[in-house]
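Notes follow the structure.
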Amino acid sequence: MESEEAAATVQATRPRRVSRTPVTAILTKKRGRKPKRNDESHSPISQQQSQKATVDDKYSQWKTLLPILYDSFVNHTLVWPSLSCRWGPQLEQAASKTQRLYLSEQTNGSVPNTLVIANCESVNRQLNEEAHSPIVKKYKTIIHPGEVNRIRELPQNSKIVATHTDSPDVLIWDTETQPDRYAVLGAPHSRPDLLLTGHQDNAEFALAMCPTEPFVLSGGKDKSVVLWSIQDHITMAGADSKSPGSSFKQTGEGSNKTGCPSVGPRGVYHGHEDTVEDVAFCPSSAQEFCSVGDDSCLMLWDARTGTGPAVKVEKAHDADLHCVDWNPHDNNLILTGSADNTVRVFDRRNLTSNGVGSPIYKFEGHKAAVLCVQWSPDKSSVFGSSAEDGFLNIWDYDTVGKKSERAPKTPAGLFFQHAGHRDKLVDFHWSPMDPWTIVSVSDNCESSGGGGTLQIWRMSDLIYRPEDEVLTELEKFKSHVFTCTSKP
């Protein structure tokens, strides 16, 4: 495969160990980021062909530059598409640094849909300076009741994850105590540790976990935003990834048809007029959160002031909104992505309750609908966006207005474009443990007829470090090269 050839190019330049074992297991089924209504037409054939040609051209260019652009890179071909990927807890070992990785497997029904827990291992640099790129190995399989559309980990205890499927309920799992299952046709589903009820219709994508308290937030087709607290059901004693005990308390509360305890909502919030596509908590408050939807609205909520929106920004984009993220470094900045191909940054200090509000930044660089946005944990002004055009763009709003002489045609704010995927880039996640490291997944149904691609990568630090610092280092390297070549 071409992706694997590209990975081999990096290996030749920077000696490293590369896992060739696929993370997942066989065949294909396609499901879009969000179902299209009957009255929505697809892009014209000529437009699709032009977009594919652009992706192929950029991929070819990217492959030749791969050894220069990345400090580490690994590619895995997935037999089943994955709609979601997230980093889990870090496991410290003597010779390596291992971090859990959560992935979904979306099958065609010949085998069950699964939630996969994998180990991402990278050899400690002080023990092996040349081994920079990670090795991914499947650790455990959970047989999921339905497709896994979205995965979110609990920040206070990332062994606990929430999943969305094509149902009104949110499923909560303790990934360490769940038994490893063998996914074969007819195998019974794994039983979730907790079931969150409250939606009146399917809730497929909008899902968030609170960074300050064990709260869960969801949105769905019923146009509502639902908030739960799982405080009374979990224990922080199991938060250490080395602890073998369960993270859930044995409450003995009433079970449902799944045989696990269920929790009703803490609050149900109404204001959207169409499907809620994504939600996010304020990084400093469990009572404040935001949501976006197919009604093109961005809404801010405060659970302390009632069940209606505190702020409603109508026409936040020119089409459906797919994704939202709240800046963990600056509580005033909110990031949105849309089917209008743009990414926008809003300052909540500029928003009013009567629906007035304009973005402070508008980023135009994608050629198709934006599916995922996320602020970088490493720098407050940096964020990433992935789209149906197959690209993952890294932006820095601090550079807007500072036109680069080296790349005058580059969209404002764009300083890196990851072109390693050749189809819809459906999800990505910055590593909270390993600076500037990203895991990304694409659905390869259109480019290769099925399956997907998982990539874990970190751009060269020469790209994101301060320019003066980089130029000084390169000058030293240049002097070193001249000194070496002048010796007899």
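The values are calculated or read from the model by the stated rules, or taken from the named source; none is laboratory data. Quick caveat: nothing in here was measured; it's all calculated off a predicted structure. Cβ coordinates were reconstructed from backbone atoms using ideal geometry, including for glycine residues, and neighbour counts include every protein chain displayed. Heavy atoms of the whole protein, side chains included, go into the accessibility calculation; ligands, DNA and RNA do not. Shrake-Rupley method; radii C 1.70, N 1.55, O 1.52, S 1.80 Å.
Tabulated results
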{"quantity": "Förster radius 56 Å - calculated FRET efficiency between Q231 and K478 (Cβ-Cβ, nearest 0.05)", "calculated": "0.45"}
{"quantity": "Segments 141-154, 446-459 sorted - mean Cβ within 10 Å per residue, highest first", "calculated": "141-154, 446-459"}
{"quantity": "Residues whose placed amide H lies under 5 Å from that of S96, excluding near-sequence neighbours", "calculated": "N124"}
{"quantity": "Added length on full extension, which subtracts the Cα-Cα distance from 0.36 nm per residue, D378 to D201", "calculated": "60.0 nm"}
{"quantity": "Listed peptides 108-117, 166-175 by packing density, highest first (mean Cβ within 10 Å)", "calculated": "166-175, 108-117"}
{"quantity": "Ranked by how many other beta carbons lie within 10 Å on average, peptides 461-468, 57-64, 209-216, 368-375 from highest", "calculated": "368-375, 209-216, 57-64, 461-468"}
{"quantity": "Greater than 20 Å apart at Cα, pairs in K379/K424; K367/K402; K223/K312; K138/K159; K58/K367", "calculated": "K379/K424; K367/K402"}
{"quantity": "Pairwise label distance in nanometres, D330 with S284, each label 7 Å out on the Cα-Cβ vector", "calculated": "1.4"}
{"quantity": "S353 paired with I68, simple spin-label distance in nm, labels 7 Å along Cα-to-beta-carbon", "calculated": "5.6"}
{"quantity": "Portion, in percent, of the accessible area of region 343-385 that falls on carbon or sulfur, probe 1.4 Å", "calculated": "40"}
{"quantity": "For region 246-368: accessible area per residue (Å², 1.4 Å)", "calculated": "41"}
